[in-house]
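The values are calculated or read from the model by the stated rules, or taken from the named source; none is laboratory data. The structure displayed is predicted, hence computed values, not measured ones. Cβ atoms come from the backbone with ideal geometry, glycine included; neighbour counts cover every protein chain shown.
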């Protein structure tokens, strides 16, 4: 159990630095911004202490907010998807396929389940984030949500595929 916390706190600065220094500076087509730090929230195991996971999600979002100069939008969106993650996992991840402390990876739950699970979480995150940023919803914001979600999913899939398989 403590191994999980150590691992995730160890890789947190790497993902934050990649997001802040690289991805936030590169806007694809002037409005598409991938959020690579969502890989941390997506892959966190389902069974450990829920309060520690909510605090971790808040920390991830808060660090992005601090370095991005946003007003708590990222922390709100990350805590929201952390709260919804167990419910979404119930209908997207096959039952009894992952252990209590297993990370959610493409190898453990399968490609279809991982893509479905990740895409739902990413879409919810981006919808909350962009609607809070703009305080409205329009076709342009809907397109921004969809486009950023697809690019984020592609980057997370690249990360998942590039990890060494533990089978």
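Considering 127, 147, the condition of being within 26 Å of residue 75 (Cβ to Cβ) and surrounded by fewer than 18 Cβ atoms within 10 Å (Cβ to Cβ) is satisfied by 147 alone.
Against the criterion of being over 23 Å from residue 11 (Cα atoms) and either at pLDDT below 90 or within 15 Å of the chain's Cα centre (by Cα) (or both), residue 122 does not qualify.
Go over the candidates 46, 21 one by one and state the one that is within 23 Å of residue 109 (Cα to Cα) and either touching a helix residue (DSSP H, G or I) at 6+ places or on another chain (Cβ under 6 Å) or part of a helix (DSSP H, G or I) (or both). Give the derivation first.
Working: 21 fails: within 23 Å of residue 109 (Cα to Cα).
Being within 23 Å of residue 109 (Cα to Cα) and either touching a helix residue (DSSP H, G or I) at 6+ places or on another chain (Cβ under 6 Å) or part of a helix (DSSP H, G or I) (or both) holds for just one of 46, 21, which is 46.
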